[in-house]
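Working notes, beginning with the structure itself.
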Amino acid sequence: MQERVKKDPEREFRVVGTRPIRPDGADKVTGRAKFGADFKMAGQLVGKVLRSPHAHARIKGIDVSKAAVLPGVKAIVTRDDFKDQGSEFVPAGEMLVNYRDVVRNVLAREKALFEGHPIAAVAATSEKIAREALRLIKVDYEVLPHVLDAVEAMKPDAPVLHEDMITAGVTPPPTKASNVAKRIEFVMGDIQKGFKDADVIVEREFNTKPVHQGYIEPHAVVASVSEDGSAEVWVTTQGHWIVRAHCARLLGWDISKIRVTASEIGGGFGGKTVVYLEPLALALSKKARKPVKMVMNREEVFRASGPTSGANIWVKIGAKKDGRIVAGEAILKYQAGAFQGSPVQPGCMCAFAPYDLENVKVVGYDVVTNRPKVAAYRAPGGPISEYAVESVVDEIAEQLGLDPIEMRLKNAAKEGTKAAYGPKFGPIGLVEGLEAAKGSPHWNAPLGKNQGRGIAAGFWFNIGGETTVSLQLNEDGTLSLMAGTPDVGGLRASLSMMAAEELGVDVAKVRPIIADTSSLGYNFLTGGSRSTFSSGMATVEAARAMIKEACVRASKLWEIPLDAVTWEDGKVRPAGDNAGKHEAMDLGDIAKIAGKTGGPIVGYSAITAHGAAPSFGVHIADAEVDPETGKTTITRYTVIQDAGKAVHPAYVEGQFQGGAAQGIGWALNEEYIYDDNGRLENPGFLDYRMPVASDLPMIDTIIVEVPNPRHPYGVRGVGETPIVPPMAAIAAAVKRASGVRFFELPMSPPKILAGMKAVKANGGAKATT
Amino acid sequence: MRYEAPDTIDAAVKLLAGEAGLARVLAGGTDLLVQMRSDVVSPDLVVDIKKISELRQVKEEAGGFRVGAAVTGAELKEHAKLPKAWPGLVEAANLIGSTQVQGRATMGGNLCNGSPAADSVPGLIAAGATATLVGPNGRRDLKVEDIMLAPRKLALTKGEIVASFLLPARPARSSDAYLRFIPRTEMDIAVVGCGVSLTLDPSGTCTAARVSLGAVAARPLLVEDAAKAIIGTKLNHAALAKLEAAARAACKPIDDKRGTVEFRIDVAGVLARRAALIAQERARKA
Ligand SMILES: Cc1cc2nc3c(=O)[nH]c(=O)nc-3n(C[C@H](O)[C@H](O)[C@H](O)COP(=O)(O)OP(=O)(O)OC[C@H]3O[C@@H](n4cnc5c(N)ncnc54)[C@H](O)[C@@H]3O)c2cc1C
């Protein structure tokens, strides 16, 4: 069921807004598409990683002598093969990376900081030999006490991961090292005053668990280093230019010598914006003088990649009787994993973003723990803080007897609202989304026994960034499009459509590819919901450059001045005095004369895309809770979100539905379970319980379109906002279905059953857990 | 590693008994191959039993059924009579994995894998099934509840394999049911499983019953007190309350990644009641 809500009478589109078949579709459904593990090279070796069995240990020695002489072993790398890096932060997606930490995450140096931390890597002629070689490597560990939880890690007597970590953002700086990498603070107005004015104040503490992006395709790479020092890399990634940059930096090689090709990607969700295997495969290949292929298994993916932070969040909100919020305060403690750089900063910025507030204070702590270093995961940081804030908003609405949509409409951010994190919003679609929710069939449908309905709003910034697109006009008038942001969700379809729209050609005439790093100018990675926005903007610019060139060629052919030529309805036409004197030419005609009028025609755009606009979403969830087992079933779900302009509505809906599906898992069952030694007990999809298809209802969607004025077609990013509202919407639904309000994720059956029993034991008194 | 696929039980037994190293039977492989890939076991000899026709058949015998240990879940479901006679057992076997897994997974493998959470085992125990074992010293029969002793520990001796299960003849108005609790809808391992089989007299009074619980102790349990709670009753409120209490009292679960002690005990009672009611409903029509 697809509905659309449009704000403005809009430009008439011919292609944009339709649903053509995706250009990568046939190969994906037939199995021909090449994913990371599908590349093979003659003579390739198998690369394997030795990982720490300890959550925290000093590495006193690594003895590879026995492994090195095992027949079939061609190369081994350890920390000694990588130069140490100084501390320096560089942007990577929506997160920052520090090369001091990247080099240590790729291979442990002084210490192993989490179970699964890579210690050494081996390349051998077979998987069996590589595995045997790993067994022969002797590592001398001094096991240290470990800490997994942010609140625990902040205690003064907690084991310290990095002996030189002095909390940033605190004056005067602390004299003692701790696990708190930094403290950040966003303040607007005066919360003291705000709380004084409040008729009702609700204050709650929440806990969430780390959750993995759960991409089906594990990390995989093939690297081949030539004797002359040039290298080729085939890899599954969200950003091959970033892979190139990180590898060049860690290995000390020239960027130009590394050519990276991105494979088809089987999901990334932010988790494929970092390097794990790539520098190891290159280093092994250089040593072995052979191509090296490395593929993680699922266990390795869970133990050593992803996830997003687990967190402890405290929220306090004050409101007037009419529902107007007068003050909001939050303290966020996010697990970063083994190295600093949790998404606590965007978490702080998002926390109250859906609301037009005068008094806000948010404090965040970035806390290292003995877990894999977190990686970006759709709207990194946002789902955690907004879950907590939206849950308190829901509770206040309940206490005041207000409809939760009305409560939000009373406070909703609009064009001109100054966000608590700084900027003023341009045109945004939150009010339109809330109104669409209010009028939706779902919101107005009756509920069954043991069912409850919840609603929550969500926000994400979205970004632009460096982007290059090249559009070639082929001899027969067809078009080849090269983009450089890996296609994670239908990008190639959307780019072809935008090119076809602009050029007045059939979308099937535009064949798009994701080009390698040596074939196209720089592209920042696919992240921040930027690819349709940024590469789309560059595609439109490239198409416009091609149109300009087509006009030049026609003016040459017709021997009339350039300003006597116009482009209309997909054709170059003589204009003014010359109108009608020459036959109008479409791109096919122009292609035929390209050679004799100046050579091949290429439209090119290399830009930093500015003007990314946020997307607001509203989710409605129905939950049914089995009163005897605590099992929650999501019986109905609707996602409403502002897309600005949905270029290919099916892929916009896909993003909405995918975010909701992941959010349902986050809300109900997904969690990392560790034993007392800090070892992960559920590194697989059997016990790391992501939803399976039959766990989900049909997820309905309503696309709101409030155009982004700074994109030629009005596009906003849509990929991340959909994972922000589900947890709060489901928590609210579970509250109404079970009578118990939960403050901890996941809301797994044992917790819900225990919560309901506690209420019964209190004689039905309103209880919370 | 050596792979053999004999076509008689005797040949299989001989191979298994003669292996000095680690030998493993291969049925559907949905446990064994997963364990081999993750280095949990590295057998020196694998004996594939799928070529042995005796193990792949369902036959009517003594008014009941003899089900070969290597019959797959999908074959059980498609059998002309079995799903009607033993709907609970067939649904238990069919909860294993997915459609793809169903085409391989067997009840023999489910039992001999030695997991306390195996879905078809409480179904077999509730059914009163007897397993026929064949080993170097010949054949013997054992009740299914006596086969699994502890996690990964079976009453089988070296070289012995499970050849078949005998499901007894049953009177009119008999039926069974199996329920399991998992946090998702499929592709998960039972946090609690419960099989109930019962017989009603013409007045609707329960004359015989067997109740079995899985995943709540070191081995699947036959809970006689739970059966006693409903025998002689029409499964009224009081009888069901007793059944729930008896099921809970039998549980000796652990806290683990799949559930807590308290949760497992609570849910065992709930499932026992729900499964008994389904079995009762089916028996009325049987
Ligand atoms: C994706 C997936 C989902 C699953 N879901 C479930 C589930 O929901 N519920 C559940 O209970 N299980 C589940 N399993 C586990 C497994 O599928 C079952 O236990 C299945 O019944 C095993 O049967 P098999 O024939 O494949 O056994 P195999 O793997 O062939 O054998 C299992 C073990 O039993 C031994 N063995 C097999 N047959 C005999 C015999 N006749 N005599 C002596 N020893 C024998 C083998 O040597 C081996 O040790 C799942 C597995 C997978 C991969």
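The values are calculated or read from the model by the stated rules, or taken from the named source; none is laboratory data. From a predicted model like this one, the values you see are computed outputs, not experimental measurements. Note: ideal-geometry Cβ built from the backbone for every residue, glycine included; neighbour counts use all protein chains shown. These accessible areas exclude ligands, DNA and RNA; they are computed on the full protein's heavy atoms, side chains included. Shrake-Rupley method; radii C 1.70, N 1.55, O 1.52, S 1.80 Å.
The table below gives the values:
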| quantity | calculated |
| --- | --- |
| Residues satisfying the stated conditions in the range B:154-191, i.e. away from chain A (no Cβ under 14 Å) and of a type in the set (S, T, N, Q) | B:157, B:164, B:174, B:175 |
| Qualifying residue in the range A:683-691 (condition: within 14 Å of chain B (Cβ to nearest Cβ) and open to solvent by less than 10 Å² (accessible area, probe 1.4 Å)) | yes |
| In the range A:626-672, the residues that are β-branched (Val, Ile, Thr), closer than 20 Å to residue A:698 by Cβ and buried (at least 22 other Cβ atoms within 10 Å of the Cβ) | A:632, A:634, A:638, A:639, A:640, A:652, A:664 |
| Positions within the range A:658-678 being part of a loop (DSSP other than H, G, I, E, B) and within 12 Å of chain B (Cβ to nearest Cβ), in sequence order | A:669, A:670, A:671, A:672, A:673, A:675 |
| Cβ-Cβ under 6 Å pairs, at least 6 apart or on other chains, the range A:587-611 side more than 20 Å from residue A:573 (Cβ to Cβ), far side open to solvent by 60 Å² or more (accessible area, probe 1.4 Å) | A:605/A:541; A:608/A:466; A:611/A:710 |
| Among the residues listed as B:247, B:218, the single one being out of contact with any Phe, Trp or Tyr (no Cβ under 9 Å at 6 or more places or on another chain), over 21 Å from residue A:633 (Cβ atoms) and away from chain A (no Cβ under 14 Å) | B:218 |
| All positions within the range A:715-763 that are over 31 Å from the mean Cα position of the chain (by Cα), within 14 Å of chain B (Cβ to nearest Cβ) and either aliphatic (A, V, I, L, M) or open to solvent by 30 Å² or more (accessible area, probe 1.4 Å) (or both) | A:753, A:754, A:756, A:757, A:758, A:760, A:761 |
| Complete set of residues in the range A:63-100 that are of a type in the set (Ser, Thr, Tyr) and open to solvent by less than 20 Å² (accessible area, probe 1.4 Å) | A:78, A:99 |
| Subset of the range B:27-49 (residues that are open to solvent by 50 Å² or more (accessible area, probe 1.4 Å) and either more than 7 Å from the ligand (Cβ to nearest atom) or touching a helix residue (DSSP H, G or I) at 6+ places or on another chain (Cβ under 9 Å) (or both)) | B:30, B:31, B:37, B:38, B:39, B:40, B:42, B:44 |
| Meets criteria (within 17 Å of residue B:178 (Cα to Cα) and outside any helix (DSSP H, G or I)) for residue B:216 | yes |
| 3 or more residues closer than 26 Å to residue A:259 by Cβ: qualifying strands (runs of 3 or more DSSP E) within the range A:403-507 | A:465-473, A:479-483 |
| Qualifying positions in the range A:227-247 - small (Gly, Ala, Ser), in contact with a Ser or Thr (Cβ under 9 Å, 6 or more places away or on another chain) and surrounded by fewer than 22 Cβ atoms within 10 Å (Cβ to Cβ) | A:230 |
| Candidate set from the range A:578-606 (those that are buried (at least 18 other Cβ atoms within 10 Å of the Cβ) and of a type in the set (Val, Ile, Thr)); member that is farthest from the chain's Cα centre (by Cα) | A:590 |
| Which numbered condition residue B:64 fails, given (1) within 11 Å of the ligand (Cβ to nearest atom); (2) within 21 Å of the chain's Cα centre (by Cα); (3) open to solvent by less than 40 Å² (accessible area, probe 1.4 Å) | (1) |
| Any chance residue B:57 is within 11 Å of the ligand (Cβ to nearest atom) and surrounded by fewer than 23 Cβ atoms within 10 Å (Cβ to Cβ) | no |
| Residue B:71 touching a strand residue (DSSP E or B) at 6+ places or on another chain (Cβ under 8 Å), assigned by TED's automatic domain parsing to the domain that holds residue B:109, under 18 Å from residue B:110 (Cα atoms) and away from the ligand (no atom under 13 Å from the Cβ) | no |
| Residue under evaluation residue B:226, criteria (1) within 14 Å of another protein chain (Cβ to nearest Cβ); (2) modelled with pLDDT of 95 or more; (3) open to solvent by less than 70 Å² (accessible area, probe 1.4 Å), criterion not met | (1) |
| Qualifying residue in the range A:101-120 (condition: assigned to a loop (DSSP other than H, G, I, E, B), on the phi < 0 side of the Ramachandran plot, acidic (Asp, Glu) and open to solvent by 40 Å² or more (accessible area, probe 1.4 Å)) | yes |
| Selected residue (criterion: nearest to the ligand (Cβ to nearest atom)) from residues of the range B:172-199 that are open to solvent by 50 Å² or more (accessible area, probe 1.4 Å), of a type outside the set (A, V, I, L, M) and in contact (Cβ under 8 Å) with a residue 24 or more places away in the chain | B:186 |
| Filter result (open to solvent by less than 30 Å² (accessible area, probe 1.4 Å), more than 18 Å from residue A:725 (Cβ to Cβ) and not in a strand (DSSP E or B)) within the range A:693-708 | A:695, A:708 |
| Residue in the range B:87-99 that is nearest to the other protein chains (Cβ to nearest Cβ), counting only those that are within 8 Å of the ligand (Cβ to nearest atom) and closer than 21 Å to residue B:50 by Cβ | B:98 |
| Strands (runs of 3 or more DSSP E) within the range B:114-156 that include 1 or more residues farther than 23 Å from residue B:86 by Cβ and more than 11 Å from the ligand (Cβ to nearest atom) | B:138-143, B:148-150 |
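Yes/no per residue for (1) open to solvent by 60 Å² or more (accessible area, probe 1.4 Å); (2) more than 22 Å from residue A:101 (Cα to Cα); (3) touching a helix residue (DSSP H, G or I) at 6+ places or on another chain (Cβ under 9 Å); (4) β-branched (Val, Ile, Thr):
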site: A:158; (1), (2), (3), (4): no, no, yes, no
site: A:165; (1), (2), (3), (4): no, no, no, no
site: A:168; (1), (2), (3), (4): no, no, no, no
site: A:171; (1), (2), (3), (4): yes, yes, no, yes
site: A:180; (1), (2), (3), (4): no, no, yes, yes
site: A:190; (1), (2), (3), (4): yes, yes, no, no
site: A:196; (1), (2), (3), (4): yes, yes, no, no
site: A:199; (1), (2), (3), (4): yes, yes, yes, no
site: A:202; (1), (2), (3), (4): no, yes, yes, yes
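One line per residue, one yes/no per condition, for (1) crowded, with 23+ Cβ neighbours inside 10 Å; (2) more than 10 Å from the chain's Cα centre (by Cα); (3) closer than 27 Å to residue B:11 by Cβ:
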| residue | (1), (2), (3) |
| --- | --- |
| B:102 | no, yes, no |
| B:115 | no, yes, no |
| B:119 | yes, no, no |
| B:155 | no, yes, yes |
| B:164 | yes, yes, yes |
| B:170 | no, yes, no |
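Rundown of residues vs (1) in contact with a Lys or Arg (Cβ under 8 Å, 6 or more places away or on another chain); (2) of a type in the set (S, T, N, Q); (3) away from chain B (no Cβ under 14 Å); (4) surrounded by 24 or more Cβ atoms within 10 Å (Cβ to Cβ), yes/no style:
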position: A:280; (1), (2), (3), (4): no, no, yes, yes
position: A:283; (1), (2), (3), (4): no, no, yes, yes
position: A:290; (1), (2), (3), (4): yes, no, yes, no
position: A:300; (1), (2), (3), (4): yes, no, no, no
position: A:306; (1), (2), (3), (4): no, no, yes, yes
position: A:314; (1), (2), (3), (4): yes, no, yes, no
position: A:320; (1), (2), (3), (4): no, no, yes, no
